[in-house]
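Reviewing the structure listed below.
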Amino acid sequence: MTGTPTRPPSAAADPPKFRLGRYQDLALVPAIVVLLVVGALVSPVFPTTGNLVAVLQQQSELSLLVLGQALILIAGKMDLSLESTIGIAPALAIALVIPAASNGLGVELPAWTAIPVCLLVGAAIGGLNGFLVLKLGLSGFMVTLGMLTMLRGLQEALTKGQTLFDVPESFLYLGATTWLGLPAAVWVCVLLFAAGVFALTYLRQGRSLYAVGGNKEAARAAGIRVDRVVWAVLVIGGLLAAVAGILMTGRLGTVAVTQGSGMIFKVFAAAVIGGISLQGGRGTLFGALSGVLMLGLVENILRLLSVSGFYINASYGAVIILALVVTRFATGKVQE
Amino acid sequence: MTGTPTRPPSAAADPPKFRLGRYQDLALVPAIVVLLVVGALVSPVFPTTGNLVAVLQQQSELSLLVLGQALILIAGKMDLSLESTIGIAPALAIALVIPAASNGLGVELPAWTAIPVCLLVGAAIGGLNGFLVLKLGLSGFMVTLGMLTMLRGLQEALTKGQTLFDVPESFLYLGATTWLGLPAAVWVCVLLFAAGVFALTYLRQGRSLYAVGGNKEAARAAGIRVDRVVWAVLVIGGLLAAVAGILMTGRLGTVAVTQGSGMIFKVFAAAVIGGISLQGGRGTLFGALSGVLMLGLVENILRLLSVSGFYINASYGAVIILALVVTRFATGKVQE
Amino acid sequence: ATTGGASGVGPIGVDHPRADSDFWNSYIKYTPEKAKALGIDLMAPTNSQNKVENLVANAQSLQSQGAKAIVMAPQDTGAVASTLDRLEKAGIPVVTVDTRPDRGKAYMVVRADNKAYGEKACRFLGEKLGGKGKVVEFQGSLSSVNGRDRSEAFAQCMKANFPGITVFEEPTDWEGAKASAALQTRLNQHPDVNGIYMQAGGVFLAPTLQVLRQKDMLVPPTDPKHVFIVSNDGIPQELEAIRKGEIDATVSQPADLYAEWALFYAKAAIEGRTFKPGRTDHGSEIVDVGGGLLEDQLPAPLITRDNVDDKAFWGNQIGK
Amino acid sequence: MNAVEATGVTVRFGRTVALDDVRISVAEGDTHALVGRNGAGKSTLVSVLTGMRAPDAGSVRFSGVAAPGVADRAAWREKVACVYQKSTAVPELSVAENLFLNRQGPLVRWKALRRRAADLLEQYGVAVHPDARVADLTVEQRQLVEIARALSTGARLIILDEPTAQLDGPAIERLFDRMRALRAAGVSFLFISHHLQEVYEVCRTVTVYRDARHVLTAPVAGLARAELIEAMTGEAGGLDVPDGADRTRSAQPVLELAGLSGDAFTDVSLTVAAGEVVGLAGSASSGKHELAETVYGLRSPSAGSVSVGGARVRGGDVPAALRAGIGCVPRDRHHQGLVADLSIAENASMTVLSSFVRRSALRAAGRAAIADYDIKAAGPDQPVSDLSGGNQQKVVVARALAADPAVLVLINPTAGVDVKSKEALLGVVDAQARAGRAAVVVSDELDDLRVCDRVLVLFHGRVVAEFDRSWRDGELIAAIEGMS
Ligand SMILES: Nc1ncnc2c1ncn2[C@@H]1O[C@H](COP(=O)(O)OP(=O)(O)OP(=O)(O)O)[C@@H](O)[C@H]1O
Ligand SMILES: Nc1ncnc2c1ncn2[C@@H]1O[C@H](COP(=O)(O)OP(=O)(O)OP(=O)(O)O)[C@@H](O)[C@H]1O
Ligand SMILES: [Mg+2]
Ligand SMILES: [Mg+2]
């Protein structure tokens, strides 16, 4: 092996045509623009501020679940139990606060504890999932599927199937107030998403999610404490679901036993449409958010069109597939 | 081969103590044995033939969906739409047969066509999924999620939300007959599972599922036509869901618009508990089948215990997690 | 988007609770007919697919499209409270069908008393069984008021009046497959089960008959081995089964009256009429269920072999 | 003082003992070679020395201080940097981020990061853009990125597990230059390679493991090559790679490429006769890999044709190539060579499964592969993911030869294979040729090219030189580097 090293051919050093991260972020933008135009054509009500704000508010809880799930997916796990956490976290917190006469547990903690307890419950569920997956080595999908059922069941057992009414003021405030013309819930989401985007872009801990989800061994070799990252992300997911639960409870004024049930499908749909990979290590929060917006717009338009109940599911499914096709050909990328 | 090939170190030539494949197969057996014992202690009815046969019959439709999903998962894909296929395939077939007065489509095909048409619809749905995923390059998870919604919606649109009561004799026959003391549905499952196990063990095409699911590129480089295998497996999945639809329709005597809805969670639960990997390339049909049995026994025992409606979900979830723990420590293997 | 002539009263918005149950589909079919008869300008109906989030969003959307009154059937009677508040603030009267909101203001509640369903079923079975025996009950989803009301009333009545009857409560979440499995198990455990109460005929009828058929237990009422079956709903298939002697009774939940009177009250609200508790001219009674909330309790007749051919039942009016 | 010292290290995988009470000590400032046959336990030791695996017994000390706990990854990373045998790059992330994985600083400054990455890549002569996705790189580029990352961490001890197996000559030379410079600055190295000449070139001390045991530690200078090989194999006698000079070849053409063009190469015409072995050499960007992959149908040609025995083979169609009698060892065993979860038997016979698979036949085929290719394994049912790197490579070769093909296309067939096994593998190629097969060997290793009857050199996608058997190292390398 002698001889002067030749300069490597320059072609390989050309900058890649686009920066993947940024490009993927925008993949859904064309589809969203199309939807906005279609919406405006379909109904004069659609482009009004009132309607669009309502869309945002209606999607706010979903968006927080998607935020949590996106973080978890990027780190290479999944958490199905989020859809139960959004119900049981506020239900338990409220049951601890209200008197037994209103279906409470009779503990009657002071009212101000409701929100902290709710967050605590969310975090604890995330922590428990983490324990089962990381310490006991159980399958994450299965554990959280079991949790999904069990937590929903606990909520039923806790409330004996009753809806909880005496929702503390703090919940109602968050659900009903507007700040600067936007519902408080929307602000909460915007702030949390902004924090998420910042963390995933500029913080080392945030970037480590991609490493952990993309190649666990490589992350470990690079000095990342993989288990700790996964655990943290599961706890954050639970926390965000609890926040979503607070917003939902505030918006609806009650906690039904079924609160959130069936949402997990939408959560995955929004995340995956938004470019988050189920295999881990790929996707951005901006993408996930646009997935949420897209689903919200589709629902809103179908609603304004007053599609008959018999056709609403068919249309919804068809539009999702259509959106996939549009995204596929707009980005030119085969989806995995 | 020139040179004397060195003998491998002698220890390595011993037959291995266990074969990994077989071992995994049996992972759930301890949990099932525990359940059988618990069941017998809990209720004198549990160990009767009548009860156990009923468990088998009740699980027959689920087991066929699991069979289909297991094949698809082993080949590295997933198909969520199976839970809609189990409804729409028989619904469409029956609607084509019965008169408009009984909520039919008014086409009134001869009654014997019902079963073939049903199978055809199932296969066509699988084929369509394959087309969208392989030819258009859409995300398999998303496409089948969209299909799940769309097909359920089509069934609603088709039947205007009505339950179809006029089920052809052929369906009812399969749902109600017993052959040699076992319900026909159970025989159908046993045969199809046996065929599946045979194919995955002894046929080249069957073995290739593992290669395709384990490493698509390596399979391609070994001369396996990856796309063709995946397509075939999706069509088979649709077909099996249609068969499950026939059995379910026969057993219940109607096709409700909601037939099968919510089953997909159980399908995944059974498959994953049974050792099928969501990442593809790993798992056996025997394992999947034991997953189905386990879920069936758990349900049966909870039912015999007459657990109150308020606690049934909580118990069910808790038992699933417990089963995971038992399996984890019985096999000593960390689950992925 | 309205369907009626602009001349009619309205526009009135209607939200349907779901599109996947036979009872509600009959109701959905009746709505436009009855609106036309009442001279109502009906907006295109929305459907909340059994989810309160959808109901909330639909109400918002109907409101922004200018509904003057809204008819809805909130399956989650708690979570509509904030929506009712909002509509009240916007001056839009609401008529609820089938369920009574736990909180919040409605102009009128139109429903049959679900507790009465459970009670009627209990009394019928109790008498037929002579106060002894074993009854399997397919409970609806316990997270729905109707399921809960029917279950509670049935249980209370049984305990109070027929202590000799053992009741097996089977949670089914309104799913036929769960009912079928539960019945199979229960019959294995207790082959002497001689009564069944199913809380929704549309869902449980066929699966139940199929299990009994398989077990050779589908015998005429004259046979001592006959299993007495009471259902709720009153769809045509149940009436047919009563005629054939496969089941014995059903409580007819009046889909036609639901549609008719809900729209009637919505129109009355726009016209500014008021109502007081007391008997009505259509065989029902308006009661004040508390806090000034009025409920028109429509009759829910028990259909048995004796009156099954009465043309007045809605189940006999629509072609099946 | 020793940079690292491990004593009494034992590691078991189930019944397999990967390391049996071994020791190693790397003196400060030393460049220490670790050699041994495939499966001797080298990579396992690396995982212990870098804290990726806790040993079943034994202890590790860095500069006399006990090693950190397994959970404290950051502490390990300060002590030692490593290029693992199996890639530890994150495919979805950019090159820049991979280079500075987990050391971007608490707040990532992207512009600065990209600049630092560009500097580093420049230093190591790696021709990739910092924003490129690692998944889009070739094996070689990825390996260079990993090397640059390890060498740039500032650790005082650097472990390189077969860093050169996928590199071409100039890249290896650049690596050695960097190593010498760092050694001058007092950095210690543990260097693993199956290329013994590299050991002699850069290392001062060598440790030999055999069958999971420590056999020898000695200064490189006093150790003859034959002694070293004897220590590795446990058998006396040197090695001779067959050069096939006495092979006769018929005039009958088997493989014919006519005006073949495709990804990264143009207009290549070539005829390989029965009994002939043709080598393809060239730098990483020469198009040699793409050419070989096109012949096997892994890529579609843009023009020209491939025929075997006079019959044209459909382009871009692996099953067609297989049917025509072409067998192939693909470039990257992890990517295209193996299904990691499947057993040795299954992988080795994947190209030749009959439509009815008899388990006993399958296992017999697996056992035969283990014996024929000298694979160190617990048995034919062992999943290939449990094998050492070199043994995995042998399974890939077994898979390529299983169908008894008329034409062999071998891309870096001996990558990561130990000297003794390399001799056996090249012996197989020689034997195949003697049996009237045709073979194309694509390799960066001169040893691999020595079995060839002629060697074609590609440069920027075109054949620029052809050598017959009598080539000398210097002239071949000059041609490869485009200086002929
Ligand atoms: N995860 C594992 N499970 C089971 N056995 C393993 C595993 N990893 C390694 N082994 C076994 O341990 C032994 C040592 O492997 P190791 O990778 O250390 O060898 P090596 O010296 O690095 O070989 P090579 O030169 O081929 O890279 C081999 O017999 C291998 O089969
Ligand atoms: N190498 C990279 N890998 C992943 N993401 C990157 C990379 N470089 C930049 N980004 C993304 O690009 C975004 C902007 O980064 P940054 O603030 O560095 O932009 P910039 O340096 O100002 O870019 P430009 O020079 O093009 O204006 C961030 O969101 C970051 O996620
Ligand atoms: Mg190694
Ligand atoms: Mg090696």
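With a 10 Å cut-off around each Cβ of A:197-204, the average count of Cβ atoms from other chains is 3. According to the Cα-based calculation, Rg over Rh for region C:183-305 is 1.15, with Rh computed by the Kirkwood formula.
Across region D:358-418, counting alpha-carbon atoms alone, Rg and Dmax equal 11.7, 33 Å. The C and B chains share an interface that buries close to 2600 Å² of accessible area, total over both sides, probe 1.4 Å. Report the normalised scattering of region B:135-177 as log10 I(q)/I(0) at q = 0.19 Å⁻¹, calculated by the Debye formula with identical scatterers on the alpha carbons. Debye intensities relative to I(0), on a log10 scale: -0.74.
Each Cα pair of region A:60-136 feeds into the Kirkwood radius, which the Stokes-Einstein equation turns, at 4 °C and 1.567 mPa s, into a diffusion coefficient of 95 µm²/s. Ranked from shortest, the separations from the 7 Å Cα-to-Cβ label point of residue A:176 to its equivalents in the other copies are 5.7 nm. log₁₀ I(q)/I(0) of region D:202-266 at q = 0.16, 0.19, 0.23 Å⁻¹, via Debye over equal Cα point scatterers, no solvent, to two decimals? Per q value, in the given order, log10 I(q)/I(0) is -0.69, -0.80, -1.07. Principal axis analysis of the Cα atoms in region D:2-233 yields extents of 50, 38, 34 Å, listed in decreasing size. Keeping the other protein chains in place, figure out the carbon and sulfur percent of the accessible area of the protein assembly as shown, with a 1.4 Å probe. For the protein assembly as shown, the apolar C and S fraction of the accessible surface comes to 59 percent. As a length-normalised measure over Cα pairs under 8 Å and 6 or more apart, the relative contact order of region D:253-480 settles at 28 percent. Here the convex hull built on the C-alpha positions of region D:309-402 has a volume of 106 cubic angstrom per residue. Taken residue by residue and averaged, Cβ atoms of other chains lying within 10 Å of the Cβ of C:55-68 number 4. Near residue D:420, which lysines are there with a Cα under 19 Å away, not counting those fewer than 8 places off in the same chain? List returned: D:42, D:376, D:394. Sorting B:328, A:228, D:116 on solvent-accessible area from highest to lowest, probe radius 1.4 Å, gives A:228, D:116, B:328.
Shown in residue order for region C:14-21 are the 3J(HN,Hα) couplings computed by the Karplus curve 6.51 cos²θ - 1.76 cosθ + 1.60 at θ = phi - 60°: 10, 10, 8, x, 6, 10, 10, 10 Hz (x for Gly and Pro). Near residue D:440, the amide H atoms lying under 5 Å from its own belong to D:278, D:408, D:409, D:410; only residues 5 or more places off or on other chains count, and H is placed 1.01 Å from N. For region B:240-261, a drop of 30 Å² or more in accessible area on going from the chain alone to the assembled protein chains (1.4 Å probe) is found at B:251, B:252, B:258.
Here is how far apart the residue B:137 label points are across copies: 4.1 nm, shortest first, using a point 7 Å from Cα toward Cβ. For chain C, the membrane-span-like helix rule (DSSP H, alpha carbon extent of at least 15 Å along the helix axis, mean Kyte-Doolittle at least 0.0) picks out C:52-64, C:201-214, C:255-270; this says nothing about an actual membrane.
Rounded to the nearest angstrom and listed largest first, the equivalent-ellipsoid semi-axes of region D:153-222 from its Cα gyration tensor are 20, 15, 12.
Note that chain D shows a convex hull volume over its alpha carbon atoms of 151 Å³ per residue. Looking at region D:2-233 alone, DSSP beta bridges between its own residues are antiparallel in about 55 percent of cases. Compared with the dominant Cα axis of chain B, that is its longest principal axis, helix B:140-159 is turned about 20°.
In region C:11-25, burial by the other protein chains removes 30 Å² or more of 1.4 Å probe accessible surface, compared with the chain on its own, from C:19, C:20, C:22, C:25. For residue A:107 and residue A:169, a Förster radius of 22 Å and the Cβ-Cβ distance give a FRET efficiency of 0.75, rounded to the nearest 0.05. All Cα-Cα distances of region A:297-336, cut into 10 Å bins from zero to the largest, leave 28, 42, 23, 7 percent in each bin in turn. The string of couplings for region A:256-270 from the Karplus curve (6.51, -1.76, 1.60, θ = phi - 60°) is 7, 4, 8, 3, x, 5, x, 6, 5, 4, 5, 4, 5, 4, 4 Hz, one whole number per residue in order, with x for Gly and Pro. By the Cα gyration tensor, region D:1-126 has an equivalent ellipsoid whose semi-axes, rounded to whole angstrom, run 31, 16, 15 from largest to smallest. A 1.4 Å probe run over the protein chains yields, for chain C, 35 Å² of accessible area per residue, whole-number rounding.
Structural descriptor for chain D: relative contact order 16 percent, calculated from alpha carbon pairs under 8 angstrom and at least 6 residues apart. Angle between the Cα long axis of helix B:226-252 and the longest principal axis of chain B, 0 to 90 degrees, nearest 10? Between helix and principal axis, roughly 50 degrees. Helix B:114-130 and the longest principal axis of the Cα set of chain B meet at an angle near 50°.
When the accessible areas of B alone and D alone are added and the area of the pair subtracted, with a 1.4 Å probe, the result is around 3200 Å², both sides summed.
By the Cβ distance rule (another cysteine Cβ under 4.7 Å), the unpaired cysteines of the protein assembly as shown are A:118, A:189, B:118, B:189, D:82, D:203, D:328, D:452. Applying the Karplus relation 6.51 cos²θ - 1.76 cosθ + 1.60 with θ = phi - 60° to region D:91-101 yields 3J(HN,Hα) values of x, 7, 9, 6, 4, 4, 5, 4, 4, 10, 4 Hz, where x marks Gly and Pro. Give me the log10 of I(q) over I(0) for the protein assembly as shown at q = 0.05 Å⁻¹, as the Debye formula computes it from C-alpha points; what are the numbers? For the requested q values the scattering log ratios are -0.45.
For residue A:230, the solvent-accessible surface computed with a 1.4 Å probe is close to 10 Å², ligands and nucleic acids excluded. Our summary gives region B:175-306 a relative contact order of 23 percent, counting only alpha carbon pairs under 8 angstrom and 6 or more residues apart. Volume per residue of the convex hull around the Cα atoms, evaluated for chain B, comes out as 171 Å³. Amide H to amide H distances under 5 Å link residue C:136 with C:168, C:195, C:196, C:197, where only residues 5 or more positions off or on other chains count and H is placed in the peptide plane. For chain A, modelled as a GNM whose springs connect Cα atoms under 10 angstrom apart, the maximal fluctuation among A:87, A:153, A:137 occurs at A:137.
How much of the pair distance distribution for region D:253-480 lies past 22 Å, counting alpha-carbon pairs only, in percent? Every Cα pair in region D:253-480 considered, those over 22 Å come to 49 percent. For chain A, the per residue solvent-accessible surface stands at 36 Å², with DNA, RNA and ligands left out and a 1.4 Å probe. Within 10 Å of the Cβ of each residue in A:158-171, the mean number of Cβ atoms contributed by other protein chains is 3.
Per-residue surface analysis assigns residue C:267 an accessible area of about 40 Å², computed on protein heavy atoms at 1.4 Å probe radius.
When you filter the GluC sites (Glu not before Pro) in region D:1-90 for DSSP loop state and at most 16 other Cβ atoms inside 10 Å of their Cβ, you are left with D:28.
The values are calculated or read from the model by the stated rules, or taken from the named source; none is laboratory data. These numbers come from a predicted model, not from an experiment. Ideal geometry is used to build each Cβ from the backbone, glycine not excepted, and the neighbour counts take in all protein chains shown. Note: accessible area is taken over every heavy atom of the protein model, side chains too, but ligands, DNA and RNA are not part of it. Shrake-Rupley method; radii C 1.70, N 1.55, O 1.52, S 1.80 Å.
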